[in-house]
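Below is one structure; the comments refer to it alone.
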Amino acid sequence: MARQVELGLTLSGEEAKEFLKNEKSPAFTSDQLAFFRQAKKIYKANCSKF
Amino acid sequence: MEPIPERALNIELLNARNAKYTLTSFDSGDEELDDFLKNDALKEQKLLLSRTHLCFYKDRLAGFITLAADSIRLDKDKLDASQHIDGCDYPAYPCILIARLAVDKRLQKHGIGHYLLSLAIGFALEGPLGCRYISVDPKETALEFYKKIGFSYWTKSKRRMYLNMMDVAQQLEPDESLDPWSEDLSQ
């Protein structure tokens, strides 16, 4: 049996504060933005199957 | 190594038929991931706990991705209003969890992992669900793969890597509203 994934994480105390402090991403690189643009296209081309 | 062209890849939802004929030869090099695909993925899917999509190359199973609807709950008892996310005092935020992603070891380094991850990110950006984050608990060997895309650990506990989809959407289209009618109606 593969390990179960943990759904519904609850973050509390310091962990919640760290999450809130760090959840804003720095500027993505041009390569990353190109990847996200391509991701939208790939999804749109497959949205009936995915 | 040369990436395999996207048009040569085919996506199918895991089902009893393709599970019967295509899973046995799959070998990602990671026993736990292979075991999940061969023994648990279809069971989890029937229970609506997750969904697994298979990626085929030349009719051969090249990889798979398993997604689950998830949420990130913040215990806000000790947080003040300034710490609400974008002013929203929600107890939980919607998230898509990449529960599993693997590529057959004979086809690794050909862009199939990126293709599968693209589907998840595209779904979060363009799909019918509101999704603030994508999260993943990656294997050590996959850390760099996710980092390169923009995932990072936000907590010292390193329980999950996250990607903030709001930031992705804003940086992709900084001048465009998500609602194309909003400007017209306000005039």
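Quick notes on this one:
- Residues (of a type in the set (D, E, K, R) and within 11 Å of another protein chain (Cβ to nearest Cβ)) located in the stretch B:94-138: B:100, B:126, B:132, B:137
- With respect to the conditions (1) within 15 Å of residue B:73 (Cβ to Cβ); (2) within 7 Å of chain B (Cβ to nearest Cβ), residue A:6 lacks only one, and its number is (2).
- Candidate set: the stretch B:124-163, residues that are at pLDDT 90 or above and of a type in the set (Val, Ile, Thr); chosen: the one surrounded by the most Cβ atoms within 10 Å (Cβ to Cβ): B:134
- Residue match in the stretch A:5-14 (condition: surrounded by fewer than 12 Cβ atoms within 10 Å (Cβ to Cβ) and of a type in the set (Val, Ile, Thr)): no
The values are calculated or read from the model by the stated rules, or taken from the named source; none is laboratory data. The structure displayed is predicted, hence computed values, not measured ones. We place every Cβ from the backbone using ideal geometry, glycine too, and count neighbours over all the protein chains shown.
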